[in-house]
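The values are calculated or read from the model by the stated rules, or taken from the named source; none is laboratory data. Everything numeric here is computed off the predicted structure, so don't read it as measured data. Note: ideal-geometry Cβ built from the backbone for every residue, glycine included; neighbour counts use all protein chains shown.
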């Protein structure tokens with residue numbers, strides 16, 4: 001009888017640095033103590049899985065050479081795409097358990113991809129795992145996402161958030177102090193498939209066609225962009241990259257009022273310049289910011305719904321999940 005094995009991949013919350021990764025910018029995510037755990041036994045040339053959070057049973061043959069879009073149930077598309085990306089021939093039978101809600105903006109799909117990669121025997125670096133998982137996401141959804149989700153999940157460091165340069169792919173851990181709470185609150189379900197996410201990527205590309213890479217651009221450069229929409233998208237990216245730098249510095253010195261101000265300014269930029277917030281998300285941010293002991297709040301994730309994240313004094317918020325910085329994707333046997 002085959003040995004029962006387990007892998008775990010955390011979800012992630014992005015503290016600051018939204019919609020910058022697809023232009024090679026800076027992000028500041030944190031792997032969290034909620035995630036996806038896969039319990040399995042090895043199998044010769046088949047993947048057979050069930051999930052506690054989604055209906056149906058997946059059964060695909062290896063090597064997988066088809067179109068992930070045709071896989072049923074739908075959640076199996078990510079698994080089939082990851083198997084195809086790494087050329088898996090050794091399969092498994094098992095069960096997926098997750099406490100990351102789908103559509104919450106906490107990277108449930110990236111966590112699943114990274115967990116599947118490890119279970120199927122991927123033995124490269126955390127960067128290589130994240131790159132394979134990013135390609136799998138593109139293959140499964142057609143959405144041109146950046147690498148933040150997968151790299152933050154693969155490279156998570158217990159007790160730390162990570163500043164990631166999405167151009168150089170350098171990952172720098174920053175300790176998360178224990179005298180603050182990081183609180184995540186689910187607001188409304190969203191999906192990037194069928195959303196305007198791809199439009200935003202294209203609008204940033206239009207800006208880069210005029211002034212060059214946004215990761216190198218200044219606010220003065222942005223003012224030269226002739227297309228109003230492209231200019232607003234670029235202004236968000238350029239100012240958000242600076243917010244990441246400022247946030248990391250403020251967190252390191254315990255400047256929590258500044259940390260909160262930066263988060264709130266980042267949300268306003270996502271609302272006004274990048275147009276990825278919603279009235280429901282804006283109202284939730286305003287409501288949380290008004291509570292005593294809260295330093296700052298913003299939407300987190302790709303937008304159009306999902307979760308908000310707040311940094312506050314310990315115990316200041318009881319409505320939501322207090323999340324802790326977690327280690328990255330790993331075998332747990």
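A quick yes/no check of all residues on (1) farther than 30 Å from residue 182 by Cβ; (2) out of contact with any helix residue (DSSP H, G or I) (no Cβ under 6 Å at 6 or more places or on another chain):
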position	(1), (2)
5	yes, yes
9	no, no
13	no, yes
23	no, no
36	no, no
40	yes, no
45	yes, yes
50	yes, yes
59	yes, yes
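Checking each residue in the range 95-112 for being surrounded by 23 or more Cβ atoms within 10 Å (Cβ to Cβ) and on the phi > 0 side of the Ramachandran plot picks out 105, 107. The set of residues from the range 282-305 being surrounded by 15 or more Cβ atoms within 10 Å (Cβ to Cβ) and out of contact with any helix residue (DSSP H, G or I) (no Cβ under 8 Å at 6 or more places or on another chain) comprises 284, 288, 300, 301.
Scanning the range 251-277 for residues that are buried (at least 17 other Cβ atoms within 10 Å of the Cβ), under 17 Å from residue 27 (Cβ atoms) and over 22 Å from the mean Cα position of the chain (by Cα) yields a total of 0.
Here residue 308 clears all of (1) out of contact with any helix residue (DSSP H, G or I) (no Cβ under 6 Å at 6 or more places or on another chain); (2) on the phi < 0 side of the Ramachandran plot except the condition numbered (1).
The listed residues are 115, 88, and the only one of them that is out of contact with any helix residue (DSSP H, G or I) (no Cβ under 6 Å at 6 or more places or on another chain) and either surrounded by fewer than 19 Cβ atoms within 10 Å (Cβ to Cβ) or assigned to a loop (DSSP other than H, G, I, E, B) (or both) turns out to be 88. When residue 168 is tested against the conditions (1) assigned by TED's automatic domain parsing to the domain that holds residue 31; (2) outside any helix (DSSP H, G or I); (3) crowded, with 17+ Cβ neighbours inside 10 Å, the lone failure is (3).
Across the range 91-108, the qualifying residues are those that are in contact with a helix residue (DSSP H, G or I) (Cβ under 8 Å, 6 or more places away or on another chain) and within 18 Å of residue 323 (Cβ to Cβ), and the one among them that is modelled with the highest pLDDT is 98. Would you call residue 69 in contact with a helix residue (DSSP H, G or I) (Cβ under 7 Å, 6 or more places away or on another chain) and either surrounded by fewer than 21 Cβ atoms within 10 Å (Cβ to Cβ) or not assigned by TED's automatic domain parsing to the domain that holds residue 157 (or both)? It is true that residue 69 is in contact with a helix residue (DSSP H, G or I) (Cβ under 7 Å, 6 or more places away or on another chain) and either surrounded by fewer than 21 Cβ atoms within 10 Å (Cβ to Cβ) or not assigned by TED's automatic domain parsing to the domain that holds residue 157 (or both).
Please indicate, with yes or no, whether at least one residue in the range 77-88 is over 25 Å from the mean Cα position of the chain (by Cα) and at positive phi. No, that holds for no residue.
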